[in-house]
Amino acid sequence: MTSLSNARPGSRDRALVAPTATVEDGARVGPGAQVWDQTVVRSGAQVGDGTILGRGVYVGPGVRIGERCKVQNQALVYEPAVLGNGVFIGPAVVLTNDTYPRAVTTDGRRKGAEDWEPVGVTIEEGASVGARAVCVAPVRIGRWASVGAGSVVTRDVPDHALVVGSPARRIGWVGRSGVPLVSDNRDRWICPVTGEVYVEAAGRLEEAR
């Protein structure tokens, strides 16, 4: 693996950027972040403190990525996507930004930036999107939700939901650990790792108070 530039042993006050990566002027990459080989971070994008962008990642102009995220190799994060803190994006994930994609206008002219309005994918705190999943904008993936590998997300995903398939459908619930929750009765769900208790109501899950 190619070493990162600007590295200092024990340093956490600067981003580490591989020599083959491209971080355009006007992009912000926070302290402690890592940007690996052949990754492109476009102007206006924001990458939070401590976030890791793997090899060959694309981050579009104006994308906002929170702190302590992991974006794995070859993921494509198109503007105006917003990722909260602690989000995991698996290898080759695609976050789209065009509801009705066309290369040309109705009169045959090649489309430019002025011919369409990008729409984004929003991924809330702690959520995970598995390898090669596609999120079709505009959609929201809720806090601590998990999207299975290879899934195609075409509608909003509730907090803590576990969704799989094409189109993705909920098959269970997950806690902060990412492990599927276990039901102890009709409305209560337990995390087998942390012991946290959740309550289901009206198709939503919330931590018990």
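Only the coordinates and a few stated rules stand behind these numbers; no lab work does. Keep in mind the model is a prediction, meaning the values are calculated, not measured. Please note: Cβ atoms are built from the backbone with ideal geometry, for glycine as well, and neighbour counts cover all protein chains shown.
Just a few scattered comments:
- Mean sequence separation of contacting Cα pairs (under 8 Å, at least six apart), scaled by the length of the chain, corresponds to a relative contact order of 9 percent.
- Calculated FRET value between Thr105 and Asp184, using beta carbons and R₀ = 45 Å, to 0.05: 0.20
- Under 5 Å, built H, 5+ apart or other chain: amide partners of Ser146: Ser128, Ala161, Leu162, Val163
- GNM flexibility winner over the chain from Gly195, Gly86, Gly172 (Cα, springs under 10 Å): Gly195
- Each of Asp159, Asp115, Asp107 was scored by other Cβ atoms within 10 Å of its Cβ. Listed from fewest to most, they are Asp107, Asp115, Asp159.
- Cβ crowding within 10 Å averaged over residues, with 40-50, 160-170 ranked highest first: 40-50, 160-170
- Most mobile of Ala145, Ala92, Ala113 in a GNM of the chain (Cα contacts under 10 Å): Ala113
- Unit charges on C-beta of K, R, D, E only; dipole of the chain, Debye: 340
- Computed over the Cα atoms of the chain, the ratio of the radius of gyration to the Kirkwood radius (Rg/Rh) comes to 1.03.
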